[in-house]
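**Student:** Sharing a structure here in structure tokens format.
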Amino acid sequence: MLDERKKLILQAIIEDFIATAEPIGSRTIARKMNINISAATIRNEMADLEHLGFLEQPHTSAGRIPSSKGYRFYVDWLMAPIGITDKEVALIKKWYDERTRQVSEVFQETVRILSHTTHNVALMVARKDAKDIFKYVEFLPLDARRAIMVVVGKNGVLDNKIIESSKDIIVEDLRRVAKVVNDAFAEKRVSEISFEEVNALQSRLLPDAAVFESFLNVLRNTNKKGSSEQLFLGGATQLLNQPEFREVERVRSLLNMLDEQKLMCDILHRSDSAGTVITIGHENKFSGIRDCSIVQADFRLDDETTGKIAVLGPTRMHYGKIISTIDFMAKYMAELIKRYAA
């Protein structure tokens, strides 16, 4: 454990570095702390903190920066909670209200809002489960002969596919197909929808078999996997605005990792702990994010964990603010999904 003076100095260094991204020297800390401790004494304390592994000294600077161990001590023992303000809550709700009308839109909008408010990468892993309740299918025309088929369950999007027709698509035909399927299967567990039941609807669907086959494949794949996941990603370009990622190769490597859906899902599932989990710097097992931190929390629906929501960014992140933002958005997102699925 550190004595009170070392704690004060470590906290001042970390909070200044979070704000400026610049190594901090003893004179700067003496001036900003506004307490009766000389720069020489602070310099000695900083040397001790470095020796203990809480600080590091970049080769190009006489100042110090926090280490992963320093950030960990700060998060566990020194960080003051920073709540989300009423103004921020109102703004987030306004963004949701303007851009979401159905369950399938909530997840993507969540990562967009979270990346915008935290200025880091936002990630969400949402479960696609054969035990989910089928809610509806809808078709979004792309062009004359292609449309996107979106199959939605109460816990979120089960799947989406581009279907191609051998003839021009008529929007009214797609609406009729959606109504037939939705009337037949709404509120049934996906795992309970049999291929025989789907086959029985074929004569009432379009003569073109593309729609029928696409819907059948969604059910087949969902039931075969039992439980699978979808990764939503937002704000990857936010990394380009961070001083830590000014080197092209460094940011390119991280962006390549973000493109690997299975890898990112594995990273978010590394911890089975409930509540908010913070993984800092070298605590990450994957070498590509050893200079990053991840703040993540479970997303729950009806008291059951159905996914994870997270922020990934440099170790120099505003931990307190990010924790409160994730907590609010996870809870509000559950409210939205219940509202749209009702």
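**Student:** Could you check, for segment 82-89, whether at least one of its residues is under 30 Å from residue 1 (Cβ atoms), over 19 Å from the mean Cα position of the chain (by Cα) and hydrophobic (A, V, I, L, M, F, W, C)?
**Tutor:** For segment 82-89, residues under 30 Å from residue 1 (Cβ atoms), over 19 Å from the mean Cα position of the chain (by Cα) and hydrophobic (A, V, I, L, M, F, W, C): present.
**Student:** Of the conditions (1) assigned to a helix (DSSP H, G or I); (2) surrounded by fewer than 19 Cβ atoms within 10 Å (Cβ to Cβ); (3) at pLDDT below 95, residue 35 satisfies every one except a single condition; which number is it?
**Tutor:** (1)
**Student:** While we're here: Scan segment 263-288 and report the pairs whose first residue is in a helix (DSSP H, G or I) and whose second residue is modelled with pLDDT under 85 and among the acidic types (Asp, Glu), with Cβ atoms within less than 9 Å and a gap of 6+ or a chain change.
**Tutor:** Correct list of pairs: 265/229.
**Student:** Answer yes or no as to whether residue 90 is aliphatic (A, V, I, L, M) and over 12 Å from residue 232 (Cβ atoms). Explain how you work it out, then say what you get.
**Tutor:** On the way: aliphatic (A, V, I, L, M): yes; over 12 Å from residue 232 (Cβ atoms): yes.
So residue 90 passes the test.
**Student:** Further question: Against the definition (outside any loop (DSSP other than H, G, I, E, B), in contact (Cβ under 8 Å) with a residue 60 or more places away in the chain and either touching a Pro at 6+ places or on another chain (Cβ under 6 Å) or within 26 Å of residue 242 (Cβ to Cβ) (or both)), how does residue 29 come out, yes or no?
**Tutor:** no
Condition check ((1) more than 27 Å from residue 328 (Cα to Cα); (2) among the β-branched types (Val, Ile, Thr)) across all residues:
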residue: 6; (1), (2): yes, no
residue: 17; (1), (2): no, no
residue: 54; (1), (2): yes, no
residue: 64; (1), (2): yes, no
residue: 103; (1), (2): no, yes
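The values are calculated or read from the model by the stated rules, or taken from the named source; none is laboratory data. Remember, predicted model here, so these are calculated numbers, not experimental data. Backbone-built Cβ (ideal geometry, glycine too); neighbour counts: all protein chains shown.
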